[in-house]
Each structure stands twice: as structure tokens, then as C-alpha cells.
Amino acid sequence: MTTKKFTVKFRCFLVCQSSTRKVLLPNTINYFKLVNYCKQKFNINADTMISLSYRVGSEVVDVNDDDDVECFVSDFSNVIDEVPTLSITLHATNTYSSCKSADFDLNEPFIPDESSQTNHDQFFSNMPPPPHAPEIILQNNHRCNLENRVPCSIKLGDKFKDKDECMPSIGKKAIIEGFEYYVVKSCKKMYSVRCSIPGCRWNIYTRKFKSSNHFKVTSLHPIHTCNLTQLLPNHRNASNVIIGHMIVDKLRDNRRVYTGKDIKKDFNIDWKIDISYHRAWTGKTYALKFLHGSHEESFAVLPKYFYNLKMANPGTVTHIDTDSEGRFKMCFVGFGVSIRSFLNYMRPLIKIDVAHLKGRYLGTNLLAVGMDANNQIIPLATGVAQGETVESWSWFLGKLKECIGDRNDLAIISDRHFAITIACKTVFPRAFHGYCCRHLMMNCNLKSRKHKALFWKTCKAYLVSDFDSAIAEIRSFKPDAYRKLEEAGFDKWSRAYCPAKRYNYLTSNSAESINALTKNSATWVVRGIRHGKIYQVRDSRSVHTVNLTDGECSCRKWQLSGLPCGHVCAVARFSGMSNCNHWAKGWFSQTTMKRTYQQLVNPLKEPWETPDEVEVVLPPAIVKRQPGRPKENQHIRSQGEEPRIVRCSRCGVAGHYRDACREPLPSENVRRTSTTNNEPEGFEEMDYEQDDASMDDVMECSQYTSSTPYNESFMGDMMDLSTHSPSQDYYYPQFND
């Protein structure tokens, strides 16, 4: 028994190109009837192929057969508050030309053996006529990406804050809309432009307000009467400033690395414009200037920033050092929250390093950090100096000493720079100064995995015997590396020879698991030498002595790391203790770890407060040459290319530039004489008192440009110069401006 399906109509939108129809479709319709109905509704040719689709949420569903139509009907036929939309897409069909039927036997040869005019006529009479040529469709390719862009509209009466805002706005409009313009007039009171195509009426005129710096669009012809279909790969208005305004939004995210190569690629894809790498990089510089301000503005606002930083974060220490002219030399910032955590809850370990800054004024960023119980970095102080010198490091560490004081158990870790070594001895004479093992490994040029593993084994060895065996292997296969390690001093980087506490900073996680150490020491033999104070522990390899009173073990792990070693765990088990956490240093406890981060660094309030007396800080003078070998930008010559001769414009000698010239200046031996009537116009007679004038000097003066008027008498005199003696008078051209 079959159930009869009642016919019910439901509302639906049919959309074809830019036309929309609201229709009632029966729920019993099939695919064939739906296609014919759509063609009839929009007067579509019967031979034209169409495709149907509809949207469910964010997904597009195609309708290709009766099952798809049934799904469409079931989804929307019972929905009352929503009207579905069925999209219709047209597809072009190939039109084949009509031809006559060929009446010939396929078994016979198509072309007779004997060629004749009659056979040619019979052969070509059976050929179909040539097909129709396809229609040429012109597309505006350079506007293929513009539909997704927000148009840069400028209307009559629009106002700009100043001329610097008005000019880039017009330039952005030209790049987005794909045309070029030239400047008609540009001054302090007016800025006007016209389309670069002759005869085009597009123009914009802006004028300045009398009472302010605002500019206003006073005249505008927004419609181009020229053809905008041509591509402009070398856009004349794509200047550095306009490129900067075009990419400024992409640089607001500090996490994004937007290189010059990326800028070139984006301009080529989005606007079909080719720009050089230098222009892209300069445009990025302008964009960063628009976002963060110029270098000069940053130096000027530095005292105000430091003042508000101290107001928002009590305990923060700031200093600015300037020269006699008020130019910037160095600055220091010690964060109050970090300094309090370092003094109360962190191990007395400081790591200092530098980062070389880029930009116009260069400089060096000095940084001092501490480490919590889990070896997480906490910045203590930072500063900027003009270079990594003894003066800068001594000044920076001196300001840091004012914040944290001088401690006997302080350890400072850094690289082997001589300035840091001298500054540490001067400022912190009682502190231990050790070298960073990673920097040392890079200096020794250890690249293979085997050599690196052996180096770290040497660094992490607690016992002198283990260290000596490992360093002997390095000496056997890498004598140069051993020599550098020995020159650095074993006591500066190794645990075995370290005279003070380095606090085991080499490990990736200082909070080593005591439970793992307890598991390894379960089978070790413990013998009490002095009850409750000194014990002797025999492990699988050797015998070690544990002194609970002094907190030391002969394996040196306990005193260097601050955590109980396996031998201490064995003593705790032997004594019947449940754990040995009380023998760990205080900064490894959970309570201390939480207190390290209980305070926060507060952001600055807006607007900033201005102190009564603001120090004026000027940018540093760019006079100091940066350390290191300068970059060589040598040009690789092509085959057969002759080298370009460099000649000094000061002394005329080849081989150097004017800036590097060390030759003495020539004496003033040229005097002017009166001109005669036979001399050409625009030239004066010179009298040389020297007797060593060469013919090269004379012939060099005879070079004439095409713009110079020809004078027959003068040229005749110049042709006879070879017959004159060096003591005779010569004519030297004096070109009038």
C-alpha cells in the first residue's frame, strides 16, 4: 500500500545574476521540472546549461539530481519564518558550426594518387566551413583585487588635520583606484593635483584654514574622463611615505615579522605595482614612525616616561645620563617588583647580557635578570648605552648595586667580554663572576653532536676526577678548544673547580625531583660517623661523606645546587625520616615560589603626568664607529667588465674617496687676468705660474658639452694648444650658471 503525497507549495527566492524572483514551488517538483521552471522564469535559452545551489549556514550545497531537490524541499517546505534562496549560475556552451554531410566511401583513399585541379575541387567541396572565431572578452585585470578593498573616498568639503595627512590620503586613493597624478601646486597654504593623463578632468584642490593647520577640499572633479584599464607597474605616486601609510595597519601587531620582501609581494598582488626592496624597506621605516613616533620624539619623551613609570610602580629606580650638551648617553631602569622578589625570595644569582640595537642611533641594550626556583627568567634591570664599553657596564652595574646591595654569596654569569670582567671586579669585588658555558662552546667552535655532549659533560662534572677525564678527551681531539677553555680558566665555567656557588644554573630545571633521587639511593649503604651530624654513604661507584651541620656533601651537588643530593636522601631514609625537603634551600619551597610572583608590574596611566621640571634629552651624536669588521658590499663583475676607477674629487688621485683623502691641498697659484677682445663669451683668461702643467690637464679642460655655443675662433685656439709651451697662457672654460 502506497501513501499519497499531498501537493503543498512553499515560498522560495530564485536569484540569477542580478535578478531576484519570489516564487511558490510545489513540494512534489523534481530536478528536470525545476531546471525548466528556472529557465522559463528568467528567459534563459534552452541550450544554456545552468547549475543550482543553496546555502545552509556557512555551507554551500549543490543541486544536481532529484535526491538533492528532495533534500532541499524537505529542509525548507515546513519552515515558516525563513525563505530559502536558490542560486542559479549560467554556464556558456560551445556553439558548433553547421556542416554538410560527407558523401564518400571510407574504404577508398581520401586523397587520390593523381593530383589534378578536378580532384582538388572535389576534395575541398566536402570540407566543412571554418568555425566562428570566439568573442574577445576584455577584463580589467588590475582591478581583480579591488572589490575586497575599502574604497578611499574623498568628497568635497572633507577636512584633514594638516598637509601631512592630506597628501598621503590622495596618494592612497590613486594607488587603490589605479591612476596616477601630478602635483599642480604645493605650498604651505595650498595643495592641488591633477590626473597625469592629458585631457582628463579629474582634480583635487585643497586649501589651508587661516586660523589652524587644517586643510579642506575646496574643489573636486571626481570622475575620470581617461581610460583606467592600463596597468601601472611603476606607479609614479608610490612614494616611501605613501607606502608607509598603506602598510601601517599590518605593522600594528608586534608579533608579525613583515619584511621588505613581504611588502613587495603584497603590493604586487594587491595593487599590481612593482616597488624596489629599498623603497619597501624605507616605507616600513615611515610606517613605524607613524606608529611609534620618531627617534627624536622618543628621546624627548624619555624623562616623562620614567617619571610616570616610577609613579605607577613604587620602588622602581630610573636614571638618565647625558653629556654637557644634554645629549643622551645611557639610561637605567630597575623594576621595583622584581628587585623586591630578588632580595626576599630568589637565589642570589644574576645573569647579564647585551643585545645590539638597530636603527639610526644604534646602541646597546644592557640587561640583568634573575632566576626563580624553576629557572624561569625574571628581568631585574635594563638599560641602553652607546656601546659595550667598560664605562657603560660600570655605570649600569653601579646603579644595579644601589638597588640590590653587595652580597658575599652573589654570583654573576655573563660572556667573556673584557668590559664585563673589568666592571664586575670594580663594582662587585666580593661576588663570583663566572662565564656562560653556551657562549664558551660557541667560541670553541664545537659543532658535532658528540663534541657538544662531551663539552657539557665536562661543564656539569661535580668531581675533579670526572672533570679531568672529560677535559682530557677534549684535549686529544680538539687542542684549539682545550687551549681556549684553559685560557678562560676552569674555575670560571666548570662545577668541579668553581670556588663559589653557581647555584647549578646550567640545568634546564633546577627543581629536580627529590623523589627520583630517593629511588636511586634505596640500595645505598649508610654508616654514621658522628650521630646526627656526619654520615658516610657508599653508592654503586664510590664513598661520599655527608655533613648535615654544614649542609655539604663530598659529591658537591648539594652545596652547588641547593637541593639535597641522593646521598642526603639515603641519610634521611637511614634516620627514619619521611622526606628531606627541609634540607633544600628556602627559595625552592612552594610558598616562596608563590611569593615571588605575588606582585605585578602596573601599566602607565593615561594621560601621563608631567613633572614640574622636565629634563631635556637630545638624541646622541652619531660620531662613534661601531665595533667589528664593516660589512663588505663588493660587486661581482660580469665577464669582460672593467673595474671602475675610484678618483678623489679633492686631489684628483685615483684609489680613494674625498672622505679618506690625506693629500695636502694645492696652493693658490691661479690669478685672474683681463680678457681680450678675441676671447669667446663666457670664458676668462687664466695665467698659470707653475711650470709643470701637463697636457692631460689642458685636454681635460677642452671637453665641451653639446649645450655650449660653438665658437670657431676659440676652437681654433684650442686646437693649437699642443704647440704652446707650458709657460704660455691657456684658456680654461668658466661655465656660467
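The values are calculated or read from the model by the stated rules, or taken from the named source; none is laboratory data. Values in this document were obtained by computation on a predicted structure and should not be read as measured data. Here the Cβ is made from the backbone with ideal geometry for all residues, glycine too, and neighbour counts use every protein chain on show.
Some observations on this one:
- Where strands (runs of 3 or more DSSP E) fall wholly inside the range 489-566, the ranges with 1 or more residues that are surrounded by 14 or more Cβ atoms within 10 Å (Cβ to Cβ) and either modelled with pLDDT under 80 or of a type in the set (Lys, Arg) (or both) are 525-530, 534-538.
- The range 273-303 - residue that is free of Cβ contacts under 8 Å to residues at least 40 places away in the same chain and of a type in the set (S, T, N, Q) and, of those, surrounded by the most Cβ atoms within 10 Å (Cβ to Cβ): SER298
- Residues that are assigned to a loop (DSSP other than H, G, I, E, B), exposed (fewer than 15 other Cβ atoms within 10 Å of the Cβ) and not hydroxyl-bearing (Ser, Thr, Tyr) within the range 576-598 comprise GLY576, MET577, ASN579, GLN598, listed in sequence order.
- Top-ranked residue in the range 242-272 [being of a type in the set (A, V, I, L, M, F, W, C) and buried (at least 18 other Cβ atoms within 10 Å of the Cβ); ranked as modelled with the lowest pLDDT]: TRP271
- Here TYR307 fulfils each of the conditions (1) in a loop (DSSP other than H, G, I, E, B); (2) touching a residue at least 40 places away in the same chain (Cβ under 8 Å); (3) of a type outside the set (Asp, Glu); (4) not assigned by TED's automatic domain parsing to the domain that holds ALA174 apart from (1).
- Any hit, the range 226-242, residues being under 20 Å from ILE154 (Cα atoms) and without any contact (Cβ under 8 Å) to a residue 24 or more places away in the chain: no
- Matching residues in the range 443-463 - criterion: being part of a loop (DSSP other than H, G, I, E, B) and either surrounded by 16 or more Cβ atoms within 10 Å (Cβ to Cβ) or not hydroxyl-bearing (Ser, Thr, Tyr) (or both): CYS444, ASN445, LEU446, LYS447, ALA461, TYR462, LEU463
- Check on ILE275, modelled with pLDDT of 90 or more and within 25 Å of PHE418 (Cβ to Cβ): no
- Among the conditions (1) surrounded by fewer than 18 Cβ atoms within 10 Å (Cβ to Cβ); (2) touching a helix residue (DSSP H, G or I) at 6+ places or on another chain (Cβ under 9 Å); (3) not polar (S, T, N, Q), ILE377 misses just one, which is (2).
- Among the residues making up the range 170-200, those that are aliphatic (A, V, I, L, M) and not in a loop (DSSP other than H, G, I, E, B) are ILE170, ALA174, ILE175, ILE176, VAL183, VAL184, MET190, VAL193.
- Residue count for the range 169-210, restricted to those that are among the small types (Gly, Ala, Ser) and farther than 12 Å from HIS235 by Cβ: 4
- Residue tally, condition part of a loop (DSSP other than H, G, I, E, B) and among the aliphatic types (A, V, I, L, M), over the range 201-245: 5
- Contacts under 6 angstrom Cβ, first residue in the range 31-58 being at pLDDT 85 or above, partner of a type outside the set (Lys, Arg) and surrounded by fewer than 13 Cβ atoms within 10 Å (Cβ to Cβ), 6 or more apart: TYR31/ASP65; MET49/HIS91; MET49/THR93; SER53/VAL60; SER53/ASP62
- In the set (1) part of a loop (DSSP other than H, G, I, E, B); (2) at pLDDT below 85, SER74 fails one condition alone, (1).
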